[in-house]
Amino acid sequence: MAFTEKLLRVLSPIEVGGRWIKRYHVAGDPVGIDPVGIEPAVEQAAYAILPELLPEPDGTPAASFVVLHRGGDDGAYLNAYSWVWDNVLHFGGAAAGQPVLGCPDNDPTHFVRLDRSMIGCVWELPPILHERDAWVRHMLAPDHADLDAYLADSLAEGSTGDRT
């Protein structure tokens, strides 16, 4: 089977445990209610485990971004990237429906924390460069950090590839 890009959707930020979370969803063909194929039950289960993936506050403005990816099989993946130490990304990951990653079954709503050092697949990585640049643009480079501007600055929706 040939490689194909997937669709990326941007959702409004949410607040979880005192931390602002920018949200990206990645999936293939449209199913269910979400135009890019994340079923509501999968989304709800993913965001239920999210607090476990976030770091403790360290004085850095409390901001993160997540990539929720619905695989083409039973798998669903939640990658949480959080800003710490002013300019470093902390990673926490969870997966569901993928026994090879330690999931107990094939249920895409049964998320478990991952303890592996993987930070994302080719479809999940596109937001990272944008978020790095947005963090520098709004939080590090200006005389006064602007968290609201950072939260409003997201990667455009569309294909996961060809972002040059």
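State whether one or more residues within segment 119-130 are surrounded by fewer than 12 Cβ atoms within 10 Å (Cβ to Cβ), assigned to a loop (DSSP other than H, G, I, E, B) and touching a Leu at 6+ places or on another chain (Cβ under 8 Å). I'd like the intermediate steps shown before the answer.
So in segment 119-130, the residues surrounded by fewer than 12 Cβ atoms within 10 Å (Cβ to Cβ) come out as 122, 129.
Adding the requirement that they be assigned to a loop (DSSP other than H, G, I, E, B) leaves 122.
Add one more test, that the residue is touching a Leu at 6+ places or on another chain (Cβ under 8 Å), and what stays is none.
Checked against the condition, which is being surrounded by fewer than 12 Cβ atoms within 10 Å (Cβ to Cβ), assigned to a loop (DSSP other than H, G, I, E, B) and touching a Leu at 6+ places or on another chain (Cβ under 8 Å), segment 119-130 yields no hits at all.
Scan Ala134, Ala145 and give me the residue that is over 20 Å from Glu43 (Cα atoms), free of Cβ contacts under 8 Å to residues at least 24 places away in the same chain and hydrophobic (A, V, I, L, M, F, W, C).
Only one candidate qualifies: Ala134.
Show the residue pairs that are 6+ apart or on different chains and have beta-carbon atoms under 6 Å apart, the first residue being within segment 92-111 and touching a residue at least 12 places away in the same chain (Cβ under 8 Å), the second being of a type in the set (Phe, Trp, Tyr) and open to solvent by 30 Å² or more (accessible area, probe 1.4 Å).
Final answer for the pair search is Ala95/Tyr77.
Do you know which residues across segment 65-76 are in contact with a Gly (Cβ under 7 Å, 6 or more places away or on another chain) and either without any contact (Cβ under 8 Å) to a residue 24 or more places away in the chain or crowded, with 23+ Cβ neighbours inside 10 Å (or both)?
Listed by number, the residues that qualify are Val67, Arg70, Ala76.
Please enumerate the residues belonging to segment 80-104 that are more than 17 Å from Gly28 (Cβ to Cβ) and either of a type in the set (S, T, N, Q) or modelled with pLDDT under 95 (or both).
Answer for segment 80-104, where residues must be more than 17 Å from Gly28 (Cβ to Cβ) and either of a type in the set (S, T, N, Q) or modelled with pLDDT under 95 (or both): Ser82, Asn87, Pro99, Val100, Leu101, Gly102, Cys103, Pro104.
The values are calculated or read from the model by the stated rules, or taken from the named source; none is laboratory data. Fair warning: this is a prediction, and the values are worked out from it, not measured in the lab. Positions of Cβ are backbone-derived with ideal geometry, glycine not excepted, and every protein chain shown enters the neighbour counts. Ligands, DNA and RNA are stripped out before the accessible areas are found, and what is left, the full protein with its side chains, is counted by its heavy atoms. Shrake-Rupley method; radii C 1.70, N 1.55, O 1.52, S 1.80 Å.
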